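Just so it is clear, none of the values below were taken in a lab; they were calculated from the coordinates. From a predicted model like this one, the values you see are computed outputs, not experimental measurements. Here the Cβ positions follow ideal geometry from the backbone for every residue, glycine too, while neighbour counts run over all protein chains shown.
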2 protein chains.
Amino acid sequence: MKQSSDHKPLRARTAAIGVDIGGTNIKLGLVAPDGRVLLRGSFQTRADEGRAGVLGRLVENILAVSSAARQKGWGVKGVGIGAPGPVDVRRGWVYFFPNLPGWKNTPLKAILERRLRLPVAVDNDANVMALAEFRFGAGRGADPMVALTLGTGIGGGLVIGGRLFHGPAYSAAELGHISIQEDGPLCGCGSRGCVETYVGNGYFVRELKKRLKAASAAGRGRTRRRFGDGGHGLLEGWVFREKRELTPKLAALAARKGDPVASKLWEETGERLGTMLAGLVNALNPQKIVLGGGVAQSGSLLFGPVVRTIGKKAFPIAARSVRVVPAAFGVDAGVVGAAALLFEGRNKP
Amino acid sequence: MKQSSDHKPLRARTAAIGVDIGGTNIKLGLVAPDGRVLLRGSFQTRADEGRAGVLGRLVENILAVSSAARQKGWGVKGVGIGAPGPVDVRRGWVYFFPNLPGWKNTPLKAILERRLRLPVAVDNDANVMALAEFRFGAGRGADPMVALTLGTGIGGGLVIGGRLFHGPAYSAAELGHISIQEDGPLCGCGSRGCVETYVGNGYFVRELKKRLKAASAAGRGRTRRRFGDGGHGLLEGWVFREKRELTPKLAALAARKGDPVASKLWEETGERLGTMLAGLVNALNPQKIVLGGGVAQSGSLLFGPVVRTIGKKAFPIAARSVRVVPAAFGVDAGVVGAAALLFEGRNKP
């Protein structure tokens, strides 16, 4: 009897370690089965650093979290890794990391399991973010659930039937690479008009700069605008006179203050994302679409046209049954979602 | 002992009745659990005929098949209906039939179950076709499986996790209404540039006629073309001089004989379908894409550019793991797939 009551609380207090590998920063955390982050850590990587160095410090840091966990009375179920690049989920291989040299075809799961003597699961960062939102965040209970991370590119994650959907070759949910314009701009993936080519940071900033220059050139010859059109020229001034860096965040600030050039591009960006999502809504009838990442922090500037476009372009029944919501997790999404890979039971499609 | 051996063969010999409701023709069949059609029947509907008349003859015909089945020693598990319009799969309601008046919001499942005293399942014709191909046809064992019926419109069906995927509001798999051109032609659904607006029969025939007229006008002023460019003007002659009806089938025949106008439009049609499918391949990583319906019978004229476009536009891992195949069932697809609804166990998303 005594023995059994000793074991029970220990069993209930089993957490997982989540690791979020970024381009220059690796974050770790001990995550409870309810999604709370109990302990946090992080360390920097250097561009000139080889794989062995990073791996060594990764193992050290995981062991430190693990030992701190045990001191606090938590068992460690295993380690989940969110990787910023293509991953073979089944074998736990990393194909490569865009910003870390020397990781080509690394059997990360096998290496870490040998050195840590703990179960390890590896998935890509977009899937891991989707899982965090599905298990503990804005997508809780929604099935199917679509998650997008809007940043330099668009990362996609899908939950179908209560689990991350990987597909038989583990290559599903590349949602940034659905074309909305067959003759559109060439995408890095080789296709044309992928929604990523319109909604990614790169296009947004380039296109906005081009339009600001055109507006600036057109305005120079004209007399001062009439009193009352407050936002006119606001972002032009910030960028060209005050030399502030043009980012989606600055563009959102300008749009909220009435800058017409910035407002118009936000509107177009939301419509384009909405066009792609209307197709997904017609195909999958999702209950929730969770939008995260830097670009999604523009709030109603993006969500407004996204929701309107889905309402206009998707079938009524499907459009009515979906909610488009902002991600609940910010910087913790990667750590929480990576740890949640261990709570998934089995790591299958 | 005797009783048990009497029962066993009866149990093993249980079939289902499939009903394929078309615009002018209703087909029925007794379908074995292995997909064989054991008995066939059909009757015509008239445009001026009300719901009660059609329902009465439907019940009569089903009872006739059922009694013939029992005489041949087959038990009847139930009746599956493939409906040519939007359906509430959960409740077995028909919202309306485009070509049959008076069916608005018909509780078809409840009506038939009361009159037949047999379990009844209802789904739309595209899903039913997909199920026939998944269970017994060209999509057997493929998961996910995507099926398209290419005709006047594009019907879509999805199998995920071994079952038809309906989505929580039963409105998934509207795959003809994924936009490939955000500023493309207005679609009947209210969106723009849906793949159906390019690949459906209507556009294909209209566009081809337009191009043939233009080619005809351009050719009139010129001298006879040089010897050797065999197909030039072939389809023009068939349509404008011989007054043959311009159909996708005739266009396929002309393209195979070298008609450049027809060949070019088939190429474009395949590329557009391929663009949409590349997006689905990136999103769902399907193992098979099954193409059925009239337009798909053009063979390599369509399949060639579809496969090349997927190879060019989808991610390599996903593109390599999908096979694009013609549907195995022709006219029997509806009857077999409708009956297969009864072999699905439960009729859920």
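Within 10 Å of the Cβ of each residue in A:157-164, the mean number of Cβ atoms contributed by other protein chains is 2. Here chain B is treated with +1 on each Lys and Arg Cβ and -1 on each Asp and Glu Cβ, and its dipole about the Cα centre works out to around 600 debye.
Other chains' Cβ within 10 Å of A:273-280 residues: what's the mean?
The shielding value for this peptide is 5.
Give me the percent of DSSP beta bridges within chain A that run antiparallel, rounded to the nearest 5.
55
A label point on A:Gly190, set 7 Å along the Cα-to-Cβ line, lies at 3.8 nm from each of its counterparts in the other copies, closest listed first.
Towards the positive end of the charge dipole of the range A:140-327, with charges on Cβ (+1 Lys, Arg; -1 Asp, Glu), say which of A:Thr149, A:Val325, A:Ala218 has the farthest Cα. The Cα lying farthest towards the positive end belongs to A:Ala218.
Residues of chain B were split at every exposed loop site, defined as GluC sites (Glu not before Pro) in a DSSP loop with at most 15 other C-beta atoms within 10 angstrom, and the longest piece left, sites excluded, is B:50-241. Which lysines have a Cα lying under 27 Å from the Cα of A:Lys264, excluding residues fewer than 8 positions away in the same chain? Here the lysines satisfying the reach criterion relative to A:Lys264 are A:Lys209, A:Lys210, A:Lys213, A:Lys243, A:Lys249, A:Lys288, A:Lys312, A:Lys313. Remind me, relative contact order of chain B in percent, using alpha carbon pairs under 8 angstrom and six or more residues apart? It comes to 20 percent, rounded to a whole number.
Computed per residue of chain A from DSSP H runs no shorter than four, each worth -39500 (n - 2.57), the mean residue ellipticity at 222 nm is -12500 deg cm²/dmol. The A:Thr24 and A:Arg308 beta-carbon pair, evaluated with R₀ = 51 Å, returns a calculated FRET efficiency of approximately 0.85. What share of the DSSP beta bridges in the protein assembly as shown is antiparallel, in percent to the nearest 5? If we restrict to bridges inside the protein assembly as shown, about 60 percent are antiparallel. D by Stokes-Einstein for the protein assembly as shown, Kirkwood Rh over Cα pairs, 20 °C, 1.002 mPa s: 76 µm²/s. Taking a straight Cα-Cα cut-off under 17 Å and skipping sequence neighbours fewer than 8 places away in the same chain, the lysines within cross-link reach of B:Lys109 are B:Lys77, B:Lys348.
The three principal axes of the Cα atoms in the range B:140-327 give end-to-end lengths of 60, 34, 26 Å, sorted in falling order. Projecting the Cα atoms of B:Tyr203, B:Pro168, B:Ala252 onto the charge dipole of the range B:140-327 (Cβ charges, centred on the Cα centre) puts B:Ala252 farthest toward the positive pole.
Could you state the angle between the C-alpha long axis of helix B:300-313 and the longest principal axis of the C-alpha atoms of chain B, as a value from 0 to 90 degrees rounded to the nearest 10? Helix B:300-313 and the main axis of chain B meet at about 90 degrees. Each Lys or Arg adds one and each Asp or Glu takes one away; over the other residues whose Cβ falls under 11 Å from the Cβ of A:Asp143, this sums to +3. Where does helix B:260-284 land angle-wise versus the long Cα axis of chain B, in degrees 0 to 90, nearest 10? In chain B, helix B:260-284 runs at an angle near 50 degrees to the longest axis.
Extension gain, A:Leu63 to A:Thr14: 0.36 nm times the residue separation minus the Cα-Cα distance gives 16.1 nm.
Net charge of the neighbourhood of A:Ser298, taken over other residues with C-beta under 12 Å away and scored Lys/Arg +1, Asp/Glu -1, is +1. Near A:Ala278: Cβ cut-off under 12 Å, other residues only, Lys/Arg at +1 and Asp/Glu at -1. The net charge is +2. Applying a DSSP loop filter and a limit of 11 other Cβ atoms within 10 Å to the trypsin sites (Lys or Arg not before Pro) in the range A:105-184 leaves A:Arg117.
Work out the FRET efficiency for A:Ala47 and B:Lys104 from their Cβ-Cβ distance, taking R0 = 56 Å, and round it to the nearest 0.05.
For R0 = 56 Å, the calculated efficiency reads 0.30.
Placing +1 on the Cβ of every Lys and Arg and -1 on the Cβ of every Asp and Glu, with no other charges, gives the range B:140-327 a dipole of roughly 840 debye about its Cα centre.
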